[in-house]
Amino acid sequence: MSHIFTATTCQPQQLKQMPSILQLYRKAILPKKTKATSADQIPHLSVELGSVNLNRNKVKEYSDVCEFYFDNQTVPVTYPHVLAFNLQLELMANANFPIPLLGLVHVRNQIQSYRSISLTDTLDFQVSISEARDTDKGIEFDLTTRITCKGERVWESVSTNLYRFKSTPKKAGSYTPQPLEPFRYSEFWDVKENTGRKYAKASGDSNPIHLYRWSAKAFGFKQAIIHGMWTKARTLAALEPLLKTHALKITTEFKQPIFLPSRVLLHYNEYDTGMLFEVRNEANNKVHMKGNISTL
């Protein structure tokens, strides 16, 4: 059972430029003076940044690592998450935010794209810590991103992160497979060992758990794991030709991590207004990610 605390509104902090990723990482590794023990201790923080222009080369790099077809005109539907990443870090690295960044688990993500975003669009961002919940695993909190272009709402997302409380670690081999959903279509992906480093370069998310075996081991992983948002983007890249629109709502739950390298399967079904999908491990059928896409 969870208890939900909705943050009260406050005046957003107005930024004049995109925060430096290096400065943000320096702030992120500093220990927090106090650590939250319940969701009602999570403050409402919000930042705004206007007049963000798109860089064609960066969009191309992102498209390549996620295997989107890049038409030199529009950006992938998941790309605005990358643009908002520094602004999200700005909030979580804030001295008044009582949760350490290292060890956070990205558990869910929902994107609503209202139209295609062009390389020539100038975008305005607002990113907020909007809601927090006490759960049996720890504290969940939502990062809400809203993007407008000349006053028009073009893109929104909610990223849910979990701050785990210390508890008895799971025993090895305790994973219990759940009955698998039937799917009509599937395709294989070979996820290479360097995919995390390539995505980190394209996205700015250089968390050590995604880069190398040795850096991931320092945080309790046997191998590096791929970013959940790469898995989401790679899924959309595979299904986008069937959808034929950028007016979409894509909801995902991140389950078991994908260790690098891996061979995984994307399973999906089509229905009248969208798709259901799961990404599973080829060797043992563990579900890495599941979700759905619907057209708006």
Problem - Dipole-positive endmost among Pro241, Thr273, Val287 within the range 179-296 (Cβ charges, Cα centre) - result: Val287
Fill in the blank from the handout: Quick calc, Leu30 & Tyr185: beta-carbon distance into FRET formula, R0 51 Å, rounding 0.05, result 0.60
Completion exercise
Placing each pseudo-label 7 Å from Cα in the direction of the beta carbon, Asn72 and Glu152 end up separated by a distance in nanometres of 2.4 nm
Handout entry: Net length gained if the chain between Thr245 and Glu282 were fully extended (0.36 nm per residue, minus Cα distance)
Key = 10.3 nm
Handout entry: the chain - Kirkwood radius from inverse mean 1/r over Cα pairs (Å)
Key = 19.9 Å
Exercise for the section: Would you compute, for the Cα atoms of the range 110-168, the largest minus smallest coordinate along each principal axis and list the three values in descending order, in whole Å? Expected result: 51, 16, 14
Exercise for the section: Could you give the C-alpha radius of gyration of the range 1-167 expressed as a fraction of 2.2 N^0.38 Å, taking N as the number of residues it contains? Expected result: 1.08
Handout entry: the chain - charge dipole about Cα centre, Lys and Arg +1 at Cβ, Asp and Glu -1, debye rounded to 20
Key = 1100 debye
Practice task
Counting residues in the range 179-296 as N, plug N into 2.2 N^0.38 Å and put the Cα Rg over that result.
Solution key: 1.09
Completion exercise
In debye to the nearest 20, the charge dipole size for the range 179-296, taken about the Cα centre with +1 at each Lys and Arg Cβ and -1 at each Asp and Glu Cβ, equals 500 debye
Practice task
Please find, in a Gaussian network model of the chain (springs between Cα atoms separated by less than 10 Å), the residue of Thr235, Thr120, Thr252 whose mean-square fluctuation is greatest.
Solution key: Thr120
Practice task
Pop the C-beta distance of Asp64 and Thr122 into the FRET formula with R0 = 22 Å and round what comes out to the nearest 0.05.
Solution key: 0.35
Handout entry: Residues Asn57 and Leu265, FRET efficiency given R0 of 30 Å [Cβ-Cβ distance, rounded to 0.05]
Key = 0.40
Practice task
Taking the dipole about the Cα centre of the chain, with the C-beta of Lys and Arg at +1 and of Asp and Glu at -1, give me whichever of Thr251, Thr144, Ser203 is farthest to the positive side.
Solution key: Ser203
Problem - Label point distance in nm, Lys16-Asp40, each placed 7 Å from Cα along Cα→Cβ - result: 4.0 nm
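The numbers here are math on the coordinates, done by the rules we state, and not lab data. Since the model is a prediction, treat every value here as computed from it, not as a measurement. No Cβ is skipped: glycine too gets one built from the backbone with ideal geometry, and neighbour counts run over all protein chains shown.
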